[in-house]
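The values are calculated or read from the model by the stated rules, or taken from the named source; none is laboratory data. Everything numeric here is computed off the predicted structure, so don't read it as measured data. Quick reminder, even Gly has a Cβ in these numbers, built from the backbone with ideal geometry, and neighbours come from all protein chains shown.
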Amino acid sequence: MSGIVRHRASPGARAWRVWRGWRRSRPFWGGLFVLLGGVEILLTVWAPLGVVLHVGMQNFIGYLVPYVIILLGLLLWFNPAQRIFYSLIAMLCALGSWLTSNMGGFVFGLLLTLVGAALAFAWAPVADAPGGDLAPQEPPPEAPPSE
């Protein structure tokens, strides 16, 4: 025995590390809340007629708005560079669902979507390494005056 012990992480630990890195590199919680809000609004549109308050605008928009919100939640996860645009559109769709989809999924889906869109709007990427892209850069040293 050489006395050197090499420790290899288990596959589960490596998978967790990769998942955590992926989750931190995008507005994960904002996208999740937007996605859950869209699903909740969609489920209230599919509710039985006794529960439905109103379907709204020829029934088509009532189904279209939740699908767009679900799509925006997925886009927040898989294209975080455009998070500001997607979160603003998600906010507008959530407010529009008040009129088109049973008062925004009985208010609960509307609030979930608005909170998720606000989280995604406020999210900013953070550099992991001290010398990363987003770390404050020091100005280059001044050159000595030439004589």
Subject >> Cβ-Cβ under 7 Å pairs, at least 6 apart or on other chains, region 45-68 side crowded, with 16+ Cβ neighbours inside 10 Å, far side modelled with pLDDT under 70 >> reply: Gly62/Val55; Gly62/Gly56
Subject >> Hits in region 69-123 (condition: assigned to a helix (DSSP H, G or I) and either aromatic (Phe, Trp, Tyr) or in contact with a strand residue (DSSP E or B) (Cβ under 8 Å, 6 or more places away or on another chain) (or both)) >> reply: Trp77, Phe78, Phe85, Tyr86, Trp98, Phe106, Phe108, Phe121
Original post:
Can you name every residue in region 87-101 that is surrounded by 24 or more Cβ atoms within 10 Å (Cβ to Cβ) and either closer than 13 Å to Ile61 by Cα or free of Cβ contacts under 8 Å to residues at least 40 places away in the same chain (or both)?
Top reply: Cys93, Ala94, Ser97, Thr100, Ser101
**OP:** Keeping to region 9-26, report how many residues are under 17 Å from Phe78 (Cβ atoms) and either of a type in the set (A, V, I, L, M) or in contact with a Gly (Cβ under 9 Å, 6 or more places away or on another chain) (or both).
**Re:** 1
